[in-house]
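The values are calculated or read from the model by the stated rules, or taken from the named source; none is laboratory data. Keep in mind that this is a model prediction, so the values were computed, not measured. With ideal geometry, Cβ positions are generated from the backbone for all residues, glycine too; neighbour counts draw on all protein chains shown. Ligands, DNA and RNA are stripped out before the accessible areas are found, and what is left, the full protein with its side chains, is counted by its heavy atoms. Shrake-Rupley method; radii C 1.70, N 1.55, O 1.52, S 1.80 Å.
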Amino acid sequence: MKITLDWLRDHIDTELDPATIGAKLTMAGLELDALIRLDQGLEKVQVGLLETVQPHPNADRLTVCRVKVGPETLEIVCGAKNHRPGDKVAVARVGANLPNGLEIQLGKIRGVTSHGMLCSLKELGLAAESDGVLILDPATPDGLAIADALGKNDVVLELGITPNRGDCLGVRGVARELAALTARPLLPLEATPVPVTVPEAIAPVRLEDPLGCPRYAGRIIRGVQVGPSPAWLKNRLEAVGLRTINNVVDITNYLLLDLNQPLHAFDLNRLALPVVVRRAQAGETLRTLDGIERTLTDTMTVIADQQRTLALAGIMGGEESGVTEITTDLFLEAAYFEPIGIARTGRRLELVSESRHRFERGTDPEALPQVMERATRLILELAGGQAGPITVLDGHTWTPPQALTYRPERVNRMGGIDLTPAAMNTFLTALGCRVEPDSGKDSRFAVTTPSWRHDLKLEEDLLEEILRLHGYDRIPTTLPRVPASPPTPDPVRRLADRVRTLLVGQGYQEAIDYAFVSPAIQRCFNPEATPLALINPLSEEQSVLRTDLIAGLMESAQRNLNRGNLRLRLFETGRVFLNQADGTLAERERLAGVITGPADELSPHAPARGVDFFDLKGDLESLLSTLTGALPQFTPGGPSFLHPMRKAQLSTADGTPLGWMGQLHPHAMAQLELRKEVQLFELDLEALPARPPARVSESATSRFPGIQSDFTFLMPERTPAGAVIQEILAVDPTLIRRVQVTAIYTGTGVPEGHKSLTLSLLLQADDRTLTDAESKSLSERVIACADTRFGATMRQ
């Protein structure tokens, strides 16, 4: 927002310079973005009186002028044709640096020395184009600085107003802030009622949408003369970036900036009264002042008469009812429109205006009669006319001033300050609050907030106001007293870090995906789960919270494979989000991985081989044995999107489920358009048991020889080899050191539904060499275990 220093001084008597004012406002939350001097480049430009104008002796198109500038007379060569003796002109003296960048130097022009320049509006930076030099009012004293003559001896303060401080979008609001900051009084506003000279001219209004327009005021003014605005009004509007239109419209714009109250003037003779404030009809159209025809909805508030829509309430007027040079009678409007409705309408129509900017932040609903009187007085002064009475309609749907309670001791405690209650009350009163002792409650005060401060709703808001006016820079700096204690490490996070290190060491690369995934790919990998849908998703592809990691990880794998990264090893750790039966959302830390492509880098010394189920199984055995100190159990089973014969469920030795692994089902591969076999897994990191403390063995390797024994069993085909190994190891853990699968055979010589499983056992003791009898006894116990537990027999 832009205001000028002189304009600000209409509301507060202050001698502070612009920089100091800007610094004080900035510290109070109204940040000064820029200081702009309107006389920049005009310092050496003065008013001059043309005494003579003679033809140039050496140029037909030039003249030689004698110009009186104060006590001096200058000879200046000029190329314009619109000046004559007796004119008052703008003279740029030698050394001037004009706003258009031109530097005035002493020099000869076709043999005649020129001691300056006669300036046009363009050269003074006041117009894009101009014909001839600027001719001033004959009554302007010669020698006067041109900035004073043109009303440009002022400074523009450009302020950044935060959305909660809509009350400071007017000059008086800023002046009120400055008055509170400097303990200066705010000058009274001249808004005494004007005489009603046409009492019969009552403004007929119907308020049919009290929710969209809680308060509305109208007035008829007859016999106005629309024309150009006076210089002071033009200068003020142009200084803050508004173009002037005519005296009536300029007055409404002036008060919008002065008092933060948008107004609108209609041509009364083009209205079919009464004026109606109503909701628009769905599909209704309005051509606004910017020349665009807009289609309205039934959620928008409009101003209408009995025949058509006149304006989009609080945002922009219509073309057909605006004030023009032939307007003689006015219908003047001031209103308080509901902020959220204005914001919603403006966004939907992509329409921005100064009125919308203010109404959607909240204006002062109680100020309508005062603003209407001020506007009427200015119109009568600048355009003439006679005023009728003011019609004010109240829908009683606006929030009256808030009644709050604040505790001075709490303000001091929370703000880190030490102020007396009287000092705090002085600050609040300066902002327009009414402060009274709270009846029946010691050390508390009842505060009624002013109608223009919609942001004061809590005791904490009053605390902020007191701190602002006291000065944030005056709050003592005190370091907090925080007891030093070592952070408690998160075991799951430490485990995830360890997992990353181990998998990277195995040749995997970490992927980091969004927690949001596509519903389609989520259904592909977890159709039973109901993921939590986002209210405002980034896109349809990221519209639900993941219930597993593998869905997002497969999307990453798919992108890599599509871009030619065919040897892929990806893993991810992260949280999944599971809807519970009681309506709560549970979070679990998971680990997932994907491998596909060649098992090893291409080499001329070995044939290429694709990764398979057992490559992934070996990776997981290595990972989990390092993390937990024990090998996991693999049992048949797993999700339906895995190959039915190449999948397994993982669990701990005590049966705690850890997750699953396997090869992607051909149907899922076709759905994802994958051509190579993909092995994948997902584990619940929070279910992993802690690794037992490491123990140093007295004899890590026995110095006594071991016995290698091979056993070939015939057993049912679906018997898991892992289960057989675990049972055999349990026969005598101290002597059976290792059990390995060396062969699995089905086919000729093996009954249907059975398999031949060959195991190699290492039998070894730490303290002796095993005898043949001990070896034979162990072998018999192993065979008996296989028979008893799995119905296995030794194959001949």
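Descriptive notes on the structure:
- Per residue value of the accessible surface for the chain (all protein chains in place, 1.4 Å probe), Å²: 50
- Rg(Cα)/(2.2 N^0.38 Å) for the range 664-787, N = residue count: 1.46
- The reciprocal of the average 1/r between distinct C-alpha atoms defines the Kirkwood hydrodynamic radius, which for the range 84-168 equals 15.4 Å.
- For the chain, the longest principal axis of the alpha carbon atoms and the long axis of helix 613-628 meet at an angle near 80°.
- Relative to its residue count, the chain spans a Cα convex hull of 338 Å³ per residue.
- For the range 387-394, backbone phi angles converted through the Karplus equation (6.51, -1.76, 1.60; θ = phi - 60°) give residue-by-residue couplings of 9, x, x, 8, 9, 10, 10, 10 Hz, Gly and Pro being listed as x.
- Reported value for the range 101-225: 305 Å³ per residue, from the convex hull of its C-alpha atoms.
- Using the Cβ of ASN412 as centre and a radius below 15 Å, the other residues enclosed give a net charge of -1, where K and R count +1 and D and E count -1.
- Carbon and sulfur %, accessible surface of the range 452-580 computed with the full protein complex present, 1.4 Å: 54
- For LYS81, the shell of other residues with beta-carbons less than 14 Å away shows a net charge of -1, using +1 for Lys and Arg and -1 for Asp and Glu.
- Ratio Rg/Rh, restricted to the range 1-146 and using Cα atoms, in which Rh is the Kirkwood radius: 1.11
- Portion, in percent, of the accessible area of the range 612-761 that falls on carbon or sulfur, probe 1.4 Å: 52
- Per-peptide average of other Cβ atoms within 10 Å, ordering 745-754, 666-675 highest first: 666-675, 745-754
- For LYS24, the lysines whose Cα falls under 26 Å of its own Cα, not counting residues fewer than eight places away in the same chain, are LYS2, LYS152, LYS457.
- The charge dipole of the range 615-698, taken about the Cα centre with unit charges on the Cβ atoms of Lys, Arg (+1) and Asp, Glu (-1), comes to about 180 debye, rounded to the nearest 20.
- Kirkwood-based shape ratio for the range 238-364, expressed as Rg/Rh from alpha carbons: 0.94
- Spacing of the modelled spin labels on PHE614 and LYS68, each 7 Å from Cα toward Cβ, amounts to 11.6 nm.
- Against the chain, whose longest principal axis is taken from its Cα atoms, helix 421-430 shows a tilt of about 60°.
- Pairwise FRET efficiency - ALA343 versus ALA690, Cβ, R0 = 60 Å, nearest 0.05: 0.60
- Calculated FRET efficiency for the pair LEU187/GLU409, C-beta based, R₀ 25 Å, to 0.05: 0.10
- The overall shape of the range 524-683, judged from the alpha-carbon gyration tensor, is oblate: a/c is not under 1.5, and a/b is no greater than b/c.
- The simple Förster model, with R0 at 25 Å and r as the Cβ-Cβ distance, assigns THR14 and GLU381 a FRET efficiency of 0.40.
- Area projected by the alpha carbon convex hull of the range 513-566, averaged over all directions, nm²: 3.8
- Volume in Å³ per residue [convex hull over Cα atoms, computed for the range 652-695]: 113
- Carbon-plus-sulfur accessible fraction, the range 47-154 (probe radius 1.4 Å, protein heavy atoms only): 49%.
- Taking every DSSP helix (H) stretch of at least 4 residues in the chain, weighting each as -39,500 (n - 2.57) and dividing the sum by the residue count yields a mean residue ellipticity at 222 nm of -7500 deg cm²/dmol.
- Cβ-placed point charges (K, R +1; D, E -1), dipole of the range 324-370 about Cα centre in debye, nearest 20: 380
- Globularity index of the range 165-315, i.e. its alpha-carbon radius of gyration over 2.2 N^0.38 Å: 1.21
- Dipole of the range 66-120, positive direction: furthest Cα of CYS78, GLN105, GLY95, with charges on the beta-carbon: CYS78
- Relative to the Cα centre, the charge distribution of the chain, modelled as +1 at Lys and Arg Cβ and -1 at Asp and Glu Cβ, gives a dipole magnitude of about 1040 debye.
- Using distinct alpha-carbon pairs, which all enter the 1/r mean, Kirkwood radius of the range 559-631 in Å: 15.3
- Here the range 461-521 was treated as a single set of alpha-carbon atoms; its pair distances binned every 10 Å from 0 give 14, 18, 18, 16, 21, 13, 1 percent.
- Overall shape of the range 1-84 was characterised from the C-alpha gyration tensor. The equivalent ellipsoid obtained from it has semi-axes of 45, 14, 10 Å, in decreasing order.
- Summing charges over all other residues whose Cβ lies under 10 Å from the Cβ of ARG703, with Lys and Arg as +1 and Asp and Glu as -1, gives -2.
- Full-extension gain in nm, LEU106 to GLU200, via 0.36 nm per residue minus C-alpha separation: 27.1 nm
- Within the same chain, lysines fewer than 8 places from LYS676 are excluded, and of the rest, those with a Cα less than 22 Å from its Cα are LYS617, LYS647.
- If the chain linking LEU534 and THR758 were pulled fully straight, counting 0.36 nm for each residue of separation and taking away their Cα-Cα distance, it would gain 75.2 nm.
- Cβ-based charge dipole, the chain, positive-most Cα from SER777, PHE337, ALA127: SER777
- Computed label-point distance, nm, for sites THR477 and HIS605 using a 7 Å Cα→Cβ extension: 6.6
- The chain: relative contact order as a whole-number percent, Cα under 8 Å and 6+ apart: 8
- Label-point gap, in nm, between SER640 and GLU354 - each point 7 angstrom along Cα→Cβ: 6.7
- The chain: angle of helix 339-349 to the longest principal axis, Cα-based, in degrees nearest 10: 80
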